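*Asks:* This is the structure, below, for whatever I ask next.
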Amino acid sequence: MLLDSVVLKEVSHVYVNNRGAFLAVEHMNLNVKQGEFVSLIGPSGCGKTTLLSLISGLLTPTVGTVSVAGEPVSQPTSKVGYMLQQDYLFPWLTIYENASIGLELMGRTTAADKEIVNQLLSDMGLSHALGSYPHQLSGGMRQRVALVRTLATEPDTLLLDEPFSALDYQTKLQLEDLVASTLSALNKTVILVTHDITEAIAMSDRIIVLQANPGRIRTEIEVPKAIREALPLTAREKPGFHELFHELWKHLEEKEVYPVDEG
């Protein structure tokens with residue numbers, strides 16, 4: 001039986017600023033199993049990035065609890081890796097130095113730790129670029145370095161916030177395949193935020209559709225086995241893919257109707 005890797009129980013979060021209070025997510029309940037790949041999709045204002053910040057420990061929920069690997073999350077933890085849309089590589093550091101900076105900050109500089117970085121860079125096809133600098137690499141290669149940096153600290157759970165959206169379409173598809181196969185081989189738990197419905201279907205075991213203002217779960221859809229067991233590029237050609245796309249699109253187009261208090 002697979003264990004719960006990420007659990008949110010009755011999570012609500014309010015942002016407060018000089019203009020007042022804003023309810024970002026409300027009554028959020030979510031369980032992600034160990035090794036599961038889950039995508040969050042929904043309109044702007046549905047709280048996707050807020051949820052990642054809560055799971056990573058960058059935010060503390062106003063109400064409810066968040067736990068990772070059975071432990072409450074109250075601050076950032078090495079058990080969770082967070083990869084953003086931008087690679088945020090340091091331009092003055094080499095590719096190897098950028099990839100290993102997380103380990104350096106953790107004081108992990110043993111030969112075994114260095115081998116982890118070297119192996120991940122090799123797996124990502126970057127062995128030839130260890131001494132290069134970020135400006136010498138393409139956008140797709142830079143994102144691969146960012147993924148290695150995230151994986152090198154050996155987190156159990158990865159949070160991916162639109163990691164492919166800045167790339168051209170061909171590079172995006174190639175990187176989806178590489179990332180999906182790598183994370184599957186490492187049995188990582190993954191939560192992906194994306195606006196791309198086809199990406200969500202092609203990469204995920206399960207898709208969570210969110211509604212906005214405040215963010216709530218509208219529905220959850222399990223991706224059919226034939227699609228989820230294929231690499232993302234091949235998955236797009238599997239029977240049922242386009243039907244699932246239209247089903248998700250329909251959910252995203254639905255407007256939430258709230259009951260009117262006639263009292």
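The values are calculated or read from the model by the stated rules, or taken from the named source; none is laboratory data. Because the structure is predicted, anything quoted here is derived from the model rather than measured. All Cβ positions, even for glycine, are placed from backbone atoms using ideal geometry, and neighbour counts span all protein chains on display. Note: areas computed on protein heavy atoms with side chains; ligands, DNA, RNA excluded. Shrake-Rupley method; radii C 1.70, N 1.55, O 1.52, S 1.80 Å.
*Asks:* If I go through region 198-209 residue by residue, how many of them are open to solvent by less than 10 Å² (accessible area, probe 1.4 Å) and either in contact with a Lys or Arg (Cβ under 6 Å, 6 or more places away or on another chain) or not in a strand (DSSP E or B) (or both)?
*Replies:* Start the filter on region 198-209 by keeping residues that are open to solvent by less than 10 Å² (accessible area, probe 1.4 Å), which leaves 199-202, 204, 207-209.
Pick out the ones that are also either in contact with a Lys or Arg (Cβ under 6 Å, 6 or more places away or on another chain) or not in a strand (DSSP E or B) (or both) and you get 199-202, 204, 209.
Count: 6.
*Asks:* Also, quick follow-up: Among the residues of region 5-29, write down those that are open to solvent by 40 Å² or more (accessible area, probe 1.4 Å) and touching a Gly at 6+ places or on another chain (Cβ under 7 Å).
*Replies:* At the first step, the residues of region 5-29 found to be open to solvent by 40 Å² or more (accessible area, probe 1.4 Å) are 9-10, 14-19, 21-23, 27, 29.
Matches in region 5-29: K9, E10.
*Asks:* Among the small types (G, A, S) and assigned to a strand (DSSP E or B): which single residue out of S74, S44, S5 fits that description? Give the steps one after another, and end with the answer.
*Replies:* Numbers: S74 fails: assigned to a strand (DSSP E or B); S44 fails: assigned to a strand (DSSP E or B).
On inspection, the qualifying residue turns out to be S5.
*Asks:* So N187 clears everything in (1) on the phi < 0 side of the Ramachandran plot; (2) out of contact with any Leu (no Cβ under 8 Å at 6 or more places or on another chain) except one condition, right? Which one?
*Replies:* Condition (1) is where N187 drops out.
*Asks:* Taking the residues in region 89-124 that are modelled with pLDDT of 90 or more and not in a helix (DSSP H, G or I) as candidates, determine which candidate is most open to solvent (accessible area, probe 1.4 Å).
*Replies:* W92
*Asks:* Within region 125-164, track down each residue that is out of contact with any Leu (no Cβ under 9 Å at 6 or more places or on another chain) and outside any loop (DSSP other than H, G, I, E, B).
*Replies:* Across region 125-164, the qualifying residues are H128, H135, Q136, T157.
*Asks:* Report the residue count in region 132-148 for those that are buried (at least 17 other Cβ atoms within 10 Å of the Cβ), touching a residue at least 40 places away in the same chain (Cβ under 8 Å) and either among the aliphatic types (A, V, I, L, M) or under 13 Å from L93 (Cα atoms) (or both).
*Replies:* Going residue by residue through region 132-148, those that are buried (at least 17 other Cβ atoms within 10 Å of the Cβ) are 134, 137, 140-148.
Cutting the leftovers down to touching a residue at least 40 places away in the same chain (Cβ under 8 Å) gives us 134, 137, 142-143, 145-148.
Filter once more, so that each one left must be either among the aliphatic types (A, V, I, L, M) or under 13 Å from L93 (Cα atoms) (or both): 134, 137, 142, 145-148.
Total meeting the criteria: 7.
*Asks:* Ok, one more. Taking region 149-183, which residues are among the polar types (S, T, N, Q), within 16 Å of G125 (Cβ to Cβ) and open to solvent by less than 30 Å² (accessible area, probe 1.4 Å)? Spell out the reasoning first.
*Replies:* Looking only at region 149-183, we keep the residues that are among the polar types (S, T, N, Q), and these are 150, 153, 157, 165, 170-171, 174, 181-182.
Going one step further and asking which of them are within 16 Å of G125 (Cβ to Cβ), we end up with 170-171, 174, 181-182.
Scanning region 149-183 gives a single hit, T182.
*Asks:* A follow-up question, please. Only one of K250, K172 is out of contact with any helix residue (DSSP H, G or I) (no Cβ under 6 Å at 6 or more places or on another chain) and closer than 27 Å to A24 by Cα; which?
*Replies:* K250
*Asks:* Follow-up question, since we're still on this one. For region 25-40, does any single residue satisfy the condition of being in contact (Cβ under 8 Å) with a residue 12 or more places away in the chain, among the hydroxyl-bearing types (S, T, Y) and under 12 Å from I191 (Cβ atoms)?
*Replies:* The initial filter retains those residues of region 25-40 that are in contact (Cβ under 8 Å) with a residue 12 or more places away in the chain, namely 25-40.
In the following step, the residues that additionally are among the hydroxyl-bearing types (S, T, Y) were identified as 39.
If we keep only those that are under 12 Å from I191 (Cβ atoms) too, we end up with 39.
Looking for residues that are in contact (Cβ under 8 Å) with a residue 12 or more places away in the chain, among the hydroxyl-bearing types (S, T, Y) and under 12 Å from I191 (Cβ atoms), one finds at least one in region 25-40, hence yes.
*Asks:* Out of all the residues in region 148-155, is one or more within 17 Å of L105 (Cβ to Cβ) and among the small types (G, A, S)? Write out each step before concluding.
*Replies:* To start, the set of residues in region 148-155 that are within 17 Å of L105 (Cβ to Cβ) comprises 148-155.
If we keep only those that are among the small types (G, A, S) as well, we get 152.
So far as region 148-155 goes, yes, one or more of its residues are within 17 Å of L105 (Cβ to Cβ) and among the small types (G, A, S).
*Asks:* Return a yes/no flag: does region 184-193 have any residue that is within 19 Å of K33 (Cβ to Cβ), outside any helix (DSSP H, G or I), aliphatic (A, V, I, L, M) and open to solvent by 50 Å² or more (accessible area, probe 1.4 Å). Quick ask: steps written out before the conclusion?
*Replies:* Just the residues of region 184-193 that are within 19 Å of K33 (Cβ to Cβ), to begin with: 184-193.
Checking the rest, the ones that are also outside any helix (DSSP H, G or I) come to 186-193.
Pick out the ones that are also aliphatic (A, V, I, L, M) and you get 186, 190-193.
If we keep only those that are open to solvent by 50 Å² or more (accessible area, probe 1.4 Å) as well, we get 186.
Yes; the residues of region 184-193 include at least one that is within 19 Å of K33 (Cβ to Cβ), outside any helix (DSSP H, G or I), aliphatic (A, V, I, L, M) and open to solvent by 50 Å² or more (accessible area, probe 1.4 Å).
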